[in-house]
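Shown next, in structure tokens, is the structure this report addresses.
The values are calculated or read from the model by the stated rules, or taken from the named source; none is laboratory data. Everything numeric here is computed off the predicted structure, so don't read it as measured data. Cβ sites come from the backbone with ideal geometry, for glycine too, and all protein chains shown count toward neighbours.
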Amino acid sequence: MNADEIRATYDRLSRLTVWQGLHQTARRVPDKVAVVCGERRLTFADVVREAEALAAGLAAAGLRQGDVAAVYLPNSAELVTVFYALQRLGVVVAWLNPSYRETEARFILENSGAKAVFLFEEWQGFDFLAAVAGLDDLPALQAIVAVTDRPDFVSPDPRVRRLADLSGRPADLARAAEVGPDELSMIIYTSGTTGRSKGAVILQSQVVRAGWSYSLGVDATQEDVFIGLLPMAHSYGCGSLLVQPFLLGATLVVLDHFSAERAFALMERERVTLQLAAPAHYLMELAHPKRREYDLSSVRAGLIAGQIAPAQLITRVQDEMGIYISSFLGSSEVGPGLSIILPYRSPLEVREVYIGYPLEGTAAKVADPVTGAEKKPREPGELLLWGWHVTEGYWKNPEETGLQIRDGWLRTGDLVARDENGCFRILGRLKEWINRGGLKIIPSELESLLVAHPKVAEVCVVGTPNPILGESICACVKLVDEEEPLTLAEARAFVEGKVAPYKRFDELLLLKEFPRMPGGLKVNRFGRGGVVELAKESPDKQVLPRETAR
């Protein structure tokens, strides 16, 4: 699409609600398969019919426009139906990652003031119903709606209802208020690894435009088949899988939890064409010993986000799997979408380094994180965003809203640089910067070098306390083969001559696996049990003698 066509599309989408986007598609291609989930196959007409029946039942039960309902469901046909039913009513969705447990669930239910919560009775060996029903001091929570296959299901808790029992009449829906594009659609909570989680509020028209924006990176159309392996309760998965295919008229093949071989089997069976994923997914697929036993030739393209793609990963996926992929930049504050993306068919050498250009109708700049002065091309600084995609603020948190959004510009905390043509590259997060003796080190620079070592599968570089220099540089490494260990001396020698001497590693920690955030996508750097904590406390760490470190 050219710039005029993209601009016209955004203008049209800005006048739609999430429900209207689905409804228009269902009128256009009613009999096309929209969702494949296990043995279930729902057409677009089926999705509309089931969502409307549920919306009517929820309206009869007392849910109204502007109420908040928490969705605590794994990827499933039920999640699709619940989401669109709530959007039909104008009920605000507060997303709860199904990997979350009591502490995270309590905070989001309490902070959002959720009137209802939707969950599986049990999933992946965890009793969600018992966990939520056992939470006290949640006076706003009036209904717990459970997905269960048990026909004899009965709960002593009067708040608990079976999802299957909530089918209403058209008359109940006729009394529901009309929802507009400028009204609230959802609350997306940040991961909260270094502090209290914050809920970014996202409007209906923002959701529609954000979901469509993903198509720019892969040239997605109604002919595509998406594999839904990202958690749809997360910003990336919500926009790219729960919204995008339903706007386009494409098919979504649902995977409730990821394993490389399960993904391969679905790709082969359903002739999947697009895989939107995180670096961890692609790394596991590349390493899987049975990958070549499956026919993956239908998969033509994908996106990669969640953390910086390791050096040469994009090239490897293209060379070894035949899939075109590129990075983009998103966050909860521009959710459930993105802010910067490369146009489809960008050259490989560009995709290995850059994440792209700001979306139409938005702006981005690189600023000094302290003074706010705009940086010159090639100079690193904090990414600031402005435009239709930026959240209006954080739910019930005006103080944090004032800190993060100033004069309409969102301070992202992302460390970036741009070239002379305005193409951006991501360098990491500002909080990842290592201050070694007053000199700033960007971890991603060292990670991209060390991951090329033949013994190294993955690497994460972090700062650890140093009584003299302030911070030491610690390389945390997952090996290709644990029988072939890596030494600190080898790691230092590998980067010698490629970076300034002060950037060479002071410490090395070998890990069998990297700790990851709930959902298994992002490496947990700073949270409890994260890489920084392990690097600080591990007795197995190799350390450069202090007299040698300089």
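Odds and ends about this structure:
Every residue, every condition in (1) exposed (fewer than 13 other Cβ atoms within 10 Å of the Cβ); (2) under 24 Å from P279 (Cα atoms); (3) free of Cβ contacts under 8 Å to residues at least 12 places away in the same chain; (4) of a type outside the set (S, T, N, Q), yes or no:
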position	(1), (2), (3), (4)
G408	yes, no, no, yes
L415	no, yes, no, yes
W433	no, yes, no, yes
L446	no, yes, no, yes
L449	no, yes, no, yes
V456	no, yes, no, yes
V461	no, yes, no, yes
K503	no, no, no, yes
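- Test: residue in segment 369-376 that is touching a residue at least 60 places away in the same chain (Cβ under 8 Å), in contact with a Lys or Arg (Cβ under 8 Å, 6 or more places away or on another chain) and in a strand (DSSP E or B): no
- Filtered residue count, segment 345-379, keeping only those that are out of contact with any strand residue (DSSP E or B) (no Cβ under 7 Å at 6 or more places or on another chain) and within 30 Å of K290 (Cβ to Cβ): 2
- I202 surrounded by 23 or more Cβ atoms within 10 Å (Cβ to Cβ), in a strand (DSSP E or B) and either of a type outside the set (A, V, I, L, M, F, W, C) or touching an Asp or Glu at 6+ places or on another chain (Cβ under 9 Å) (or both): yes
- Flag for A70 being small (G, A, S), crowded, with 24+ Cβ neighbours inside 10 Å and in contact with a strand residue (DSSP E or B) (Cβ under 8 Å, 6 or more places away or on another chain): yes
- Subset of segment 144-191 [closer than 30 Å to G413 by Cα and in contact (Cβ under 8 Å) with a residue 60 or more places away in the chain]: P181, E183, L184, S185, M186, I187, I188, Y189, T190, S191
- Residue check, E333 in a loop (DSSP other than H, G, I, E, B) and either aliphatic (A, V, I, L, M) or surrounded by 15 or more Cβ atoms within 10 Å (Cβ to Cβ) (or both): no
- The listed residue being crowded, with 20+ Cβ neighbours inside 10 Å, closer than 29 Å to R15 by Cα and touching a helix residue (DSSP H, G or I) at 6+ places or on another chain (Cβ under 7 Å), out of V80, V132: V80
- Y100 fulfils the conditions (1) aromatic (F, W, Y); (2) within 25 Å of A56 (Cα to Cα); (3) crowded, with 16+ Cβ neighbours inside 10 Å except for a single criterion, (2).
Here is a yes/no grid of residues against (1) farther than 30 Å from A265 by Cβ; (2) more than 27 Å from the chain's Cα centre (by Cα); (3) at pLDDT 95 or above; (4) not small (G, A, S):
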{"position": "L16", "(1), (2), (3), (4)": "yes, no, yes, yes"}
{"position": "V33", "(1), (2), (3), (4)": "no, no, yes, yes"}
{"position": "E52", "(1), (2), (3), (4)": "yes, yes, yes, yes"}
{"position": "A56", "(1), (2), (3), (4)": "yes, yes, yes, no"}
{"position": "G66", "(1), (2), (3), (4)": "yes, no, yes, no"}
{"position": "N75", "(1), (2), (3), (4)": "no, no, yes, yes"}
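- Given (1) of a type outside the set (A, V, I, L, M, F, W, C); (2) within 32 Å of the chain's Cα centre (by Cα); (3) modelled with pLDDT of 95 or more, index of the condition T487 fails: (2)
Listed here are the residues, each with its yes/no results for (1) more than 22 Å from the chain's Cα centre (by Cα); (2) under 30 Å from W95 (Cα atoms); (3) hydrophobic (A, V, I, L, M, F, W, C).
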| site | (1), (2), (3) |
| --- | --- |
| L385 | no, yes, yes |
| E392 | no, yes, no |
| G402 | yes, yes, no |
| I405 | no, yes, yes |
| H453 | yes, no, no |
| K478 | yes, no, no |
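- The C-beta contact set for segment 94-115 (first residue in contact (Cβ under 8 Å) with a residue 12 or more places away in the chain, second residue aromatic (F, W, Y), distance under 7 angstrom, 6+ apart or interchain) comprises W95/Y189; L96/Y72; P98/Y72; P98/W123; A105/Y72; I108/Y189; N111/W395; S112/W395.
- Test: D11 is surrounded by fewer than 23 Cβ atoms within 10 Å (Cβ to Cβ), under 24 Å from A164 (Cα atoms) and either among the β-branched types (V, I, T) or modelled with pLDDT of 95 or more (or both): no
- Where K115 falls short, out of the listed (1) in contact with a helix residue (DSSP H, G or I) (Cβ under 6 Å, 6 or more places away or on another chain); (2) surrounded by 17 or more Cβ atoms within 10 Å (Cβ to Cβ): (1)
- Of the residues R269, R300, R316, the single one that is of a type in the set (K, R), modelled with pLDDT of 95 or more and within 26 Å of L450 (Cα to Cα) is R316.
- Among (1) over 19 Å from A51 (Cβ atoms); (2) without any contact (Cβ under 8 Å) to a residue 60 or more places away in the chain - the single one L203 does not satisfy: (2)
- Top-ranked residue in segment 463-484 [being charged (D, E, K, R) and surrounded by 13 or more Cβ atoms within 10 Å (Cβ to Cβ); ranked as modelled with the lowest pLDDT]: E471
- The set of residues in segment 25-49 being within 16 Å of V243 (Cα to Cα) and in a strand (DSSP E or B) consists of V33, A34, V35, V36, L42, T43.
- Segment 370-385, residues that are crowded, with 18+ Cβ neighbours inside 10 Å and not aliphatic (A, V, I, L, M): P380, G381, E382
- A single member of L63, L22, L86, L58 is at negative phi, aliphatic (A, V, I, L, M), touching a residue at least 24 places away in the same chain (Cβ under 8 Å) and not in a helix (DSSP H, G or I), and it is L63.
- Test: residue in segment 100-108 that is part of a loop (DSSP other than H, G, I, E, B), touching a Pro at 6+ places or on another chain (Cβ under 7 Å) and closer than 30 Å to L359 by Cβ: yes
- Of all the listed residues (E104, E5, E39), the sole one being in contact with a Leu (Cβ under 8 Å, 6 or more places away or on another chain) and among the charged types (D, E, K, R) is E104.
- Hits in segment 336-349 (condition: surrounded by 15 or more Cβ atoms within 10 Å (Cβ to Cβ) and among the aliphatic types (A, V, I, L, M)): L338, I340, I341, L342
- Of all the residues in segment 528-540, those that are surrounded by fewer than 20 Cβ atoms within 10 Å (Cβ to Cβ), assigned to a loop (DSSP other than H, G, I, E, B) and at pLDDT 90 or above number 4.
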